Amino acid sequence: MQTIFWVALFIIFYTYVGYGIVLFFIVKIVRIFRKEQAFESNYDLPSVTIIVAAYNEAYCIEEKIANTLDLEYPVNKLSYIFITDGSTDNTPEIVSKYADIHLMHQPERTGKIVAVHRAMQEVTTEVVVFTDANTLLNKKALINICRHFQDPSVGAVAGEKRVQIDDSGDATAGEGFYWKYESKLKAWDSELYSVVGAAGELFSVKTSLYIPVPVDTLLDDFMISMLIAQKGYRIVYEPDAYATENASANTKEELKRKVRIAAGGIQSFLRLMPLLNPLKHPILSFQYLSHRILRWTITPFLMIFCFFLNWYIVIVLKADVKYLVVLAGQILFYGFALLGWIMQSQSIKIKLFFIPYYFCMMNYAVFAGIKRYLFSNQSVLWEKAKRK
């Protein structure tokens, strides 16, 4: 019984902390034998199309357009497509005022990925950059992304997501902390071999490698990038190309977003099983299992299992003091999470409570996401989470 407990506890630790530690030391060793990548200063940048899928984004679309048109890149190599399918506000009318932007619109709402597939039929450039309508990019984002394509092994480039946290003091403060940690893991993943999937806020692919994913795909950005990785190309991470967005409006909105991501994670796991073949993808399989699959599958269940097994070992088996110390640590951690939940509606700025609460909320979302995907038929037409 004790052996099972320690194995379960190790998997939990490895999933959220241990993989980062292992990755850190592996990358340190890799740096000894691998030269730092040098970009050619006279590299002929590829032609690029920026695609923005905007559904009812009238509240932010003008700011997005201004930001997009202000990006640094050779003008003769840059095209813009904004697709506003299904929008019932005046998003299409706002976009139509800009002659440099190719507006695509149809009244039916069929989902983001259907709209993206439709936009891709209009693309004639070498590279496509996808970015969300509610994010703002830094001026050199395109240059910093596209310089990576001088390496023929690179099939996709993932930008960095930055979450703008205000001073409201609610539990969404954990979102910013989570993305900072995720960004560091992505940087190390990329340095070792490849990022494990790109986020829709900002990523780019070679047009020739784009594979239309099924229209019921929930995490289309993740699937598009991972199908390119499955073909043997790398997804590299570029922290100097970043998309900034506000945090979720509140923890309820963030939970809604996490649940649909978890549902999409299970779908992606089932559809990308070949990536877990270490004979074909030795490094990527290790990264995919460690960074994604454990979080999306067994680890949240092991957290509950470990907590109750720890009680059993202490109370029934009367095990030695180290089990009591571990149990006390678990009780303290979940107690902090409970306090974070209680204070979520209060403007009390104590991250000591908010981060454990956010962590527990993320893991609860996995249960809810699995249930929704298996039994409730999560729609691709999900409602967007409101942001601050």
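Computed from the coordinates by the stated procedures, all read-outs in this text should not be read as laboratory data. As the structure is a computational prediction, the values presented were derived from the model and not from experiment. Here the Cβ positions follow ideal geometry from the backbone for every residue, glycine too, while neighbour counts run over all protein chains shown.
Some points to look at:
- In terms of its C-alpha gyration tensor, the range 1-147 has an oblate overall shape, because the principal axis ratio a/c (a ≥ b ≥ c, square roots of the eigenvalues) is not below 1.5 and a/b does not outweigh b/c.
- With the convex hull of the Cα atoms taken as the outline of the range 145-298, the averaged projected area works out to 9.3 nm².
- Angle between the chain longest axis and helix 173-192 axis [Cα atoms, degrees, rounded to 10]: 80 degrees
- Among the trypsin sites (Lys or Arg not before Pro) in the range 302-352, those placed in a DSSP loop whose Cβ has at most 11 other Cβ atoms within 10 Å are Lys318.
- Tensor-based shape of the range 82-214 (alpha-carbon gyration tensor, a/c under 1.5 rounded, otherwise prolate or oblate): oblate
- Its Cα gyration tensor gives the range 60-152 an equivalent ellipsoid, and the semi-axes of that ellipsoid, as √(5λ) in whole Å with the largest first, are 24, 16, 12.
- Descending Cα extents along the principal axes, the range 207-328, whole Å: 63, 44, 32
- Working ranking of peptides 150-162, 40-52 by packing, defined as the average number of other Cβ atoms within 10 Å per residue, highest first, is 150-162, 40-52.
- Sequence of Glu191, Glu238 once ranked by neighbouring C-beta atoms within 10 Å, starting from the fewest: Glu191, Glu238
- The Cα center of the range 4-71 and the Cα center of the range 267-298 differ in position by 18 Å.
- Cα long-axis angle, helix 251-271 against the chain (0 to 90 degrees, to the nearest 10): 80 degrees
- Mean Cβ neighbour count within 10 Å, used as a protection proxy, ranking 193-205, 2-14 highest first: 193-205, 2-14
- Working note: Debye formula, equal point scatterers on the alpha-carbon atoms of the range 12-67, no solvent; log10 I(q)/I(0) at q = 0.12 Å⁻¹ is -0.76.
- The chain: angle of helix 321-342 to the longest principal axis, Cα-based, in degrees nearest 10: 50 degrees
- Ordering Trp296, Trp311 from the fewest to the most neighbouring beta carbons within 10 Å gives Trp311, Trp296.
- Three principal axis extents of the chain based on alpha-carbon atoms, in descending order, are 74, 50, 38 Å.
- For the range 51-99, the fraction of alpha-carbon pairs in successive 5 Å shells from zero, as %: 5, 21, 33, 22, 11, 6, 2
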